[in-house]
Amino acid sequence: MRTLAFLASVLLSATSFSDNHSTENQYLGFYYFSAPDADAVVAAMDKFYASDCGERYPANVALAEQVFNGGYESTHFFLNNYANAEAQQEAAEIFRSCPAALEFTSALESAGVTSTMEHLSFPLIAEGDSSRDFAFAKFDVRVEPQNQTAYAVALSNMMTRASKDIPLRSYGNNLVIFGNDKFTNSVYIGAESTTQLEAIQQALFAHPAYAEFSTETADIRESVNTTQVIFLKNYSMQ
């Protein structure tokens, strides 16, 4: 659980990565790509995780499909959940040197997979157990550094108020620290199904707290894209 005290401590004076992130904090690596054949991606992942390299890969990985994503070229993304900076560095070393990792990369290329975008983020807000959810609404927004605290606090307050009337499951706000050329934050809402997700979204957008949040943050945020995401498969650390 990320509290308002944490938000204040990491954001009030934060204008750079070095000021607002510790090497012992969680990292989220998003790797977006276009895949003509999703089954080929799953097969390549299964083979990699059956290898010695896959057995020691230091991250929990999820494969997600972007069902509706506007003008984004990507169709899917991998979400790598690293425990800290050391794990992220170790994962990078595996993909630079491990034969099974190189075979995995080659298999994706042979299947016509093309990389479109990637970014490294960390969670400012992470409520509920997102690993138990299947469908997500992801809202990519731009918020300038000097407005990050105000935006995060307003979002947290809104979701806390709404949760008293709406059966929210998982939700969060991820801050992009590297690769933020398109957006700076990804806000997400999770659900067990697309039907449940629609019901949660409709109830949230109709809630008075959302109207107040929209007014309060209108001048400090720019909406970039809204995506419906379905997670296809999870690969946990072994």
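Quick notes on this structure:
- Pair list, Cβ < 6 Å and 6+ apart or interchain, from the stretch 99-111 residues that are touching a residue at least 40 places away in the same chain (Cβ under 8 Å) to residues that are outside any helix (DSSP H, G or I): Ala100/Ser51; Ala111/Asp37
- Some residue of the stretch 36-50 being open to solvent by less than 20 Å² (accessible area, probe 1.4 Å) and within 17 Å of Ala92 (Cβ to Cβ): yes
- Taken as a whole, the stretch 156-165 holds at least one residue that is in a helix (DSSP H, G or I), buried (at least 16 other Cβ atoms within 10 Å of the Cβ) and out of contact with any helix residue (DSSP H, G or I) (no Cβ under 7 Å at 6 or more places or on another chain).
- Screening the stretch 58-87 for residues that are open to solvent by 60 Å² or more (accessible area, probe 1.4 Å) and in a strand (DSSP E or B) and picking the one that is nearest to Ala38 (Cα to Cα) gives Glu65.
Listed here are the residues, each with its yes/no results for (1) within 30 Å of Pro145 (Cα to Cα); (2) not polar (S, T, N, Q).
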{"position": "Thr184", "(1), (2)": "yes, no"}
{"position": "Tyr188", "(1), (2)": "yes, yes"}
{"position": "Leu204", "(1), (2)": "yes, yes"}
{"position": "Ser214", "(1), (2)": "yes, no"}
{"position": "Ala218", "(1), (2)": "yes, yes"}
{"position": "Arg221", "(1), (2)": "yes, yes"}
{"position": "Val224", "(1), (2)": "yes, yes"}
{"position": "Ser236", "(1), (2)": "no, no"}
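- Identity of the residue in the stretch 113-149, in a strand (DSSP E or B) and acidic (Asp, Glu), that ends up most open to solvent (accessible area, probe 1.4 Å): Glu118
- Within the stretch 194-230, tally of residues that are touching a helix residue (DSSP H, G or I) at 6+ places or on another chain (Cβ under 9 Å), over 23 Å from Val153 (Cα atoms) and either open to solvent by 40 Å² or more (accessible area, probe 1.4 Å) or free of Cβ contacts under 8 Å to residues at least 24 places away in the same chain (or both): 1
- Sole residue being in contact with a His (Cβ under 7 Å, 6 or more places away or on another chain) and at pLDDT 95 or above, chosen from Leu108, Leu63, Leu79, Leu120: Leu63
The values are calculated or read from the model by the stated rules, or taken from the named source; none is laboratory data. Everything numeric here is computed off the predicted structure, so don't read it as measured data. Note that each Cβ is placed from the backbone with ideal geometry, even for glycine, and that neighbours are counted across all protein chains shown. Note: accessible area is taken over every heavy atom of the protein model, side chains too, but ligands, DNA and RNA are not part of it. Shrake-Rupley method; radii C 1.70, N 1.55, O 1.52, S 1.80 Å.
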